[in-house]
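The values are calculated or read from the model by the stated rules, or taken from the named source; none is laboratory data. For clarity, every value in this text was computed on a predicted model and none was experimentally measured. Backbone-built Cβ (ideal geometry, glycine too); neighbour counts: all protein chains shown. Areas reflect the complete protein model, heavy atoms only, side chains present, ligands, DNA and RNA absent. Shrake-Rupley method; radii C 1.70, N 1.55, O 1.52, S 1.80 Å.
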Amino acid sequence: MAADRRALHKSFVDAYGLMVLIGLPIPILLALTAPLLIQVFLGDQWRSAVPVIEVLALYGIVQALGSSSHLVYLAVNRPNITAWLSGLYFILLLPLLVTGVTLAGPVGAAWALTITSLIVLVVDFAVVFKVLEVGPQRIFSALARPVAGSLTMLAGLIPLRLLVPATESWIGSVIQLTTLAASGSILYLGAVFALWHLGGRPESAERQILSVLQEAWQRVVVKVNRGVIPNLSQGPSAVPSVIVFGLNEWNDTWHTRQYIGSQLGKRGWPVVYTTGAGDWWDRGAAAWRVKRWNGCVEERDHVQFYRPGKFAARWRKVKAWDQWALRRHARKLMELAGWSTASHRIAYVFHPTFWPYIEHLGDCTVVYHADDAFSLMPGWDGKSQAMEDKLVARADLLLATSQGVARQLSNGGAQRARSLPNGALVELYMDLAQCPCPLDLSSIPHPRIGYIGSINIKVDLLLVAEIARRRPDWHWVIIGPVIRDQFESFPGNTEFQAGLAACCQLDNVHFLGAKPYYVLPSYTTHMDVNTMCYRNVSGGWWTAIYPLKLHEYLAAGKPVVGTNLEVLQEFRSVVAIAETAEDWLRALGEAVNAGGTGTKPERQTVALQNSWDSRVEDLVGWLENVAPIPRMKLPAASCGVSHLGQSSGSAS
């Protein structure tokens, strides 16, 4: 609760700093240029309104300093405070308004509004500080640069206003107004950003504004480079456009969605990848802290990756805001993907939690690709099930990586789903078989028994520890991120933690950490055996998966030993299956000493039959059955490591 309150305080201060930075100079500039504004836009007959506008400018300053605290009160479930403050405002305003109008007419009314707002502002901040249990120091810090910039603007414009002679000419008034507005903007922005730079360029409203401008510029560049800015004389483009929704960011750890997205991009299809708009309730997480305020677009691996910003994140408890965030994110994706000119619009979804976005994408072909048994994973609840039911019903094409995953689909999904197993970039693994051994691996003696992927409760580390104790001459090499805390309440976590502790005590078990996907072939090809050492228990989500590493292991040509998974049964000719510790010792011994199950050419032949090229060919064929899609010749595969991939996710 304390962490949530601290996060709420930070979000409040960040938003307040942005509002003050933008809102404070506007009424000040309005007060300084009121006579010119009247002359230019209303005419001389309205000169008597100048004093009213000048007082209303002061009211605008008070409003700019306002806290928008009603969102805070909603977040802490105390909307009654907003009602109480509104009542106080009208109680104060009524007598002041009557008195002001009686004494000074419209100017008095403007003063009544200003004084009332100032009093309520002071009370409001006192309440906010008490509710959030914080002091005013952060607010003063947020105010410092905007106030300094405003004072600089005043210091520069007041002498300029006094020195420039008054003019009765309309053109002269326009020139003076333009000069004052431009000079004031330059003085204000120059002072604010100079102070921000001298202060070490902290994470603040100034950085948010720069992020917005940078994103706008990047968006223009992307449109120009990709020809997305449409010519009105042009018809629709000749290729489909795809928006891919996936849980993990597009980085150096690849999952099924990265392989498929990049393969479609290589065909010349515009592909945009997103992880969704984010959520304000995740703002305590490390991923939230590194987000930009307004997001950005990155182009890599033939795909545009849209990194969402903090500003337009979802807020599920405030429905109006949440729906706005969903609509805004959907519009941004459609704009980047060029859906206005695409021959076909395809929304490719890798998890049911993206269903709310589908509702805002309009008419499009929806593909739901279940690459894990989500209903068996931690965190699955009734809301998740309801979203998957809707997604299965809406999907024009339903895919599952295995029959086991398909059986977990509800709402008739098991009968409708087509099987699209994971593949491998086979030629690249084979081409890089002679690459140098990585330094951190070369120091580990042979025989090396490898595992590559996420290290969580699906991995049988108790089994690894037992084999390592019984065969101290064998060296286990485990590559991937260790996920300790994500499954604390899930069955099997106790055994996983015990196995992890045991392995960390053994000299012949080596944890090398997570590696970028493009260097993983050099590790796989320098093992003596590669393994899929999953826990052999019923009910685990991993029992239904189609491991990404399967065909990558086979492409490397080294012997492979795996747990008795359903999907491995058809590969018994090239994969040794083991259940008990004795089975594992026997299978590993045969692999180390006699070359294991199958031969290197046999393993690589099977891998070649299961490449990502062939998988995506099947996918495109199924999409053609949904809607006629023009084919484009696939570019020849590059032999560089930059297109290699390996998942360290739950499906690895």
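Remarks
- Cα gyration tensor shape for segment 399-517, rounded if a/c is under 1.5, else prolate or oblate: oblate
- Applying 1/(1 + (r/R0)^6) with r as the Cβ-Cβ distance of Q415 and F490 and R0 = 22 angstrom yields a FRET efficiency of 0.15.
- Residue-normalised accessible area of segment 409-568, given per residue in Å² at a 1.4 Å probe: 36 Å²
- The portion of the accessible surface of segment 280-407 made up by carbon and sulfur, rounded to a whole percent, is 52 (1.4 Å probe; DNA, RNA and ligands excluded).
- Accessible area of segment 138-208 belonging to carbon and sulfur atoms, whole % at 1.4 Å probe: 73 percent
- Listed by number, the DSSP H helices of the chain that run 30 Å or longer by alpha-carbon position along their axis and have mean Kyte hydropathy of at least -1.0 are 2-23, 80-104, 106-132, 137-163, 170-198, 205-226.
- Surface exposure of segment 235-287, expressed per residue as accessible area with a 1.4 Å probe, stands at 26 Å².
- Inter-centroid distance (Cα atoms) of segment 435-501 relative to segment 100-174, Å: 63 Å
- Computed over the chain: relative contact order in percent, which uses C-alpha pairs under 8 Å that are six or more apart: 12 percent
- By DSSP, the beta bridges lying fully in the chain are antiparallel in about 10 percent of cases.
- Residue-count net charge about L195 - beta-carbon cut-off 12 Å; Lys, Arg +1, Asp, Glu -1: +1
- Answer label for percent of Cα pairs over 32 Å apart (calculated), chosen among [x] 61; [y] 73; [z] 66: [x]
- Cross-link reach list, lysines versus K332, counting only Cα pairs under 18 Å and skipping chain neighbours closer than eight places: K223, K291, K310
- Across the cross-link table entries K319/K390; K319/K383; K317/K383, which are compared at the Cα atoms, the separations over 18 Å belong to K319/K390.
- Trypsin sites (Lys or Arg not before Pro) lying in DSSP loop within segment 466-518, provided at most 15 other Cβ fall within 10 Å: R484
- If only the Cβ of Lys and Arg carry +1 and only the Cβ of Asp and Glu carry -1, the dipole of the chain around its Cα centre is close to 1100 debye.
- Exposed-loop-free span, longest in the chain, where GluC sites (Glu not before Pro) count as exposed if DSSP calls them loop and at most 13 other C-beta atoms lie within 10 Å: 204-358
- Lysines whose Cα lies under 27 Å from that of K558, excluding same-chain neighbours fewer than 8 positions away: K458, K515, K549, K600
- Shape category assigned to segment 80-220 from the gyration tensor of Cα positions, a/c cut at 1.5: oblate
- Zone residues, segment 372-394, relative to K317, backbone N less than 17 Å from point 7 Å out along Cα-to-Cβ: none
- Apportionment of accessible area to carbon and sulfur, segment 439-591, percent (1.4 Å): 49 percent
- Projecting the Cα atoms of G23, T274, L326 onto the charge dipole of the chain (Cβ charges, centred on the Cα centre) puts G23 farthest toward the positive pole.
- Computed over segment 330-398, the ratio Rg/Rh where both radii use C-alpha atoms and Rh is Kirkwood: 1.01
- Estimated distance in nm for a label pair at W46 and K390, the labels positioned 7 Å out from Cα along Cα-to-Cβ: 4.7 nm
- Global form of segment 288-426, assessed from the alpha-carbon gyration tensor, a/c cut-off 1.5: prolate
- R0 of 25 Å, Cβ-Cβ distance R331-E249: FRET efficiency to nearest 0.05: 0.75
- Centre separation in Å (Cα based) which lies between segment 244-276 and segment 532-592: 28 Å
- Loop-resident chymotrypsin sites (Phe, Trp or Tyr not before Pro) (DSSP state other than H, G, I, E or B) in segment 473-519 with no more than 12 further Cβ atoms inside 10 Å of their Cβ are absent.
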